[in-house]
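Scroll down for the structure; my scribbles are underneath it.
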Amino acid sequence: MLRVLAVDDEPPALEELLYLLRADPRVRSAEGATGATEALRRIGGAVDAGPEDPSAIDVVFLDIHMAGLTGLDVAQLLAGFAAPPLIVFVTAHEGFAVHAFDLKAVDYVLKPVRRERLAEAVRRVAEQVGERSASVHDAAADQVAVELGGVIRFVPVDDIAYAEAQGDYARLHTSSGSHLVRIPLTTLEERWRSRGFVRIHRRHLVALNRIDELRLDAGSMSVRIGGAELAVSRRHTRALRDLLMRQTGR
């Protein structure tokens with residue numbers, strides 16, 4: 001469901017465009033701006049607020065000929081944003097198409113706007129937004145953001161040998177060190193179950209493929225991961241042993 005900002009300095013044209021956009025079932029919301037300055041202010045606020053904020057904008061349907069800054073000027077300014085919304089140009093002039101696509105526009109719709117042509121533009125936008133969301137989701141699944149000395153770093157999940165509960169936080173242990181993140185261990189367990197992580201204790205979540213040894217001593221079990229030896233609680237002992245036996249084919 002798309003969140004749309006339509007920009008046109010001619011109120012009748014803007015109202016017609018908003019009417020058509022709001023009638024499309026793929027559009028969650030469509031708001032209007034009557035000039036480039038207002039549009040940039042709203043887009044800047046939306047980008048600063050983040051993609052989950054109610055003010056977020058997925059795509060801007062942008063007129064080219066406007067008083068002051070043109071739609072092409074706006075697109076050039078948006079190109080400098082870290083994560084700008086997509087752009088569809090809506091104009092009565094054919095001559096700017098090449099420049100528009102040089103600015104990475106998704107589509108170029110000529111006025112007067114036909115419902116069917118606008119629907120095709122919305123389809124193209126929805127497709128790109130879906131691809132962008134999938135890419136972001138995959139990247140988030142593969143990495144964990146950690147803060148180190150005021151700098152945000154991204155640690156690959158595949159580098160993590162085990163995680164240790166520390167209240168509402170978890171300490172992630174890698175071969176090169178450890179990182180504290182404000183994520184409960186239960187949340188990491190749910191996220192990483194499909195990636196081969198298993199709970200062995202209320203305090204520890206481990207990557208199965210990083211276990212070097214399984215040790216039994218007087219009825220208690222522990223695992224060795226690198227230089228660390230971690231206890232396995234009784235409630236997790238059988239499940240862990242079965243998982244490791246299946247993993248080694250025994």
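So here's what we get for this one:
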read-out	value
Calculated log10 I(q)/I(0) by the Debye sum over Cα atoms at q = 0.08 Å⁻¹ (choose from (i) -0.34; (ii) -0.50; (iii) -0.27), label	(ii)
For peptides 59-72, 22-35, sequence by mean Cβ density within 10 Å, most packed first	59-72, 22-35
Residues listed by number, the range 60-80, amide nitrogen under 16 Å from T37 label point at 7 Å toward C-beta	66-71, 74
Span-like helix ranges in the chain, DSSP H, alpha carbon extent 30 angstrom or more, Kyte mean at least -1.0	115-142
DSSP bridge pairs, the chain: antiparallel proportion in percent, nearest 5	65 percent
Global form of the range 1-102, assessed from the alpha-carbon gyration tensor, a/c cut-off 1.5	oblate
For the range 165-237: relative contact order, % (alpha-carbon pairs under 8 angstrom, 6 or more apart)	20 percent
Computed FRET value (nearest 0.05) for Q143 with L110, which takes r as the C-beta separation and R₀ as 51 Å	0.75
Highest-MSF residue in the chain out of E131, E189, E52 [GNM, Cα springs under 10 Å]	E52
Whole-Hz ³J(HN,Hα) from phi, Karplus 6.51 cos²θ - 1.76 cosθ + 1.60, for the range 201-215, glycine and proline x	6, 4, 9, 9, 10, 10, 7, 4, 6, 9, 6, 8, 8, 10, 10
Two-decimal Rg to Rh for the range 141-246 - Kirkwood Rh, Cα set	0.97
Alpha-carbon centroids, the range 48-113 and the range 209-244: separation in whole Å	57 Å
Amide H partners (placed H, <5 Å) of I183, local residues excluded	A170
Peptides 113-120, 156-163 ordered by average Cβ neighbours within 10 Å, highest first	156-163, 113-120
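Just so you know, all these numbers are worked out from the coordinates, no wet-lab data involved. Since this is a predicted model, take the numbers as computed values, not measurements. Cβ sites come from the backbone with ideal geometry, for glycine too, and all protein chains shown count toward neighbours.
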